[in-house]
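The values are calculated or read from the model by the stated rules, or taken from the named source; none is laboratory data. What you see is a predicted model, and the numbers here were worked out from it, not measured in a lab. FYI the Cβ positions are ideal-geometry reconstructions off the backbone, even for glycines, and counts take in every protein chain you see.
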Amino acid sequence: MTGMPHTLWLSADEKEQLQQTKILIESNLRKHYTIHKLAKEINMNQTKLKKAFHQLFGVGLFEHLQQCRMAKAKEMLLTTDLSVKSIGIDMGYAHWKSFMRAFKKYYGITPGSLRK
């Protein structure tokens, strides 16, 4: 079994809890989550939560949050007249410069360049 990642056995209830966690993250992009708070919310230990989420969805918790934030920010930049600063705040960034850096790192262009 060398090189094979350990697969966790997940009950139907645990899979449902993980699905609810995914929905919670997706519906509250502005909110800052910690593994501790999410694990407590669904009554699962932190290590299992991280491993099980990745196993079930193929991506880590915070990577998923980042993907959702960036996709929503891109959509908002292309479909609204909201300022880059407002969109950054809506995506949970305290400072618009942090949002701009994250967006550029993710997409390779600045939010303003995307709009042009």
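Some points to look at:
- Checking each residue in the range 86-108 for being out of contact with any Phe, Trp or Tyr (no Cβ under 8 Å at 6 or more places or on another chain), of a type in the set (A, V, I, L, M, F, W, C) and surrounded by 12 or more Cβ atoms within 10 Å (Cβ to Cβ) picks out W96, M100, F103.
- Scanning the range 57-67 for residues that are in a helix (DSSP H, G or I) and either touching a strand residue (DSSP E or B) at 6+ places or on another chain (Cβ under 9 Å) or within 25 Å of W96 (Cα to Cα) (or both) yields a total of 7.
- Search result, residues across the range 73-116 that are closer than 21 Å to T34 by Cβ and either in contact with a strand residue (DSSP E or B) (Cβ under 6 Å, 6 or more places away or on another chain) or touching a residue at least 24 places away in the same chain (Cβ under 8 Å) (or both): I89, D90, M91, G92, F99, A102
- Meets criteria (farther than 23 Å from Q19 by Cα, within 16 Å of the chain's Cα centre (by Cα) and of a type in the set (K, R)) for K105: yes
- Matching residues in the range 68-99 - criterion: being in a helix (DSSP H, G or I) and either farther than 23 Å from E26 by Cβ or of a type in the set (D, E, K, R) (or both): R69, K72, K74, E75, K85, D90, K97
- Restricting attention to the range 1-40 and to residues that are among the small types (G, A, S) and either in contact with a strand residue (DSSP E or B) (Cβ under 6 Å, 6 or more places away or on another chain) or at pLDDT 90 or above (or both), the residue that is surrounded by the most Cβ atoms within 10 Å (Cβ to Cβ) turns out to be A39.
- Test: residue in the range 4-24 that is under 30 Å from Y107 (Cα atoms), aliphatic (A, V, I, L, M) and touching a Lys or Arg at 6+ places or on another chain (Cβ under 7 Å): no
- Screening I25 on (1) over 15 Å from the mean Cα position of the chain (by Cα); (2) within 30 Å of K85 (Cβ to Cβ) shows it passes everything except condition (1).
- If you go through the range 20-56 and keep only what is part of a helix (DSSP H, G or I), polar (S, T, N, Q) and in contact (Cβ under 8 Å) with a residue 24 or more places away in the chain, you end up with T21, Q55.
- Selection status of T47, loosely packed, with under 12 Cβ neighbours inside 10 Å, farther than 30 Å from E75 by Cβ, at pLDDT below 90 and of a type in the set (S, T, Y): no
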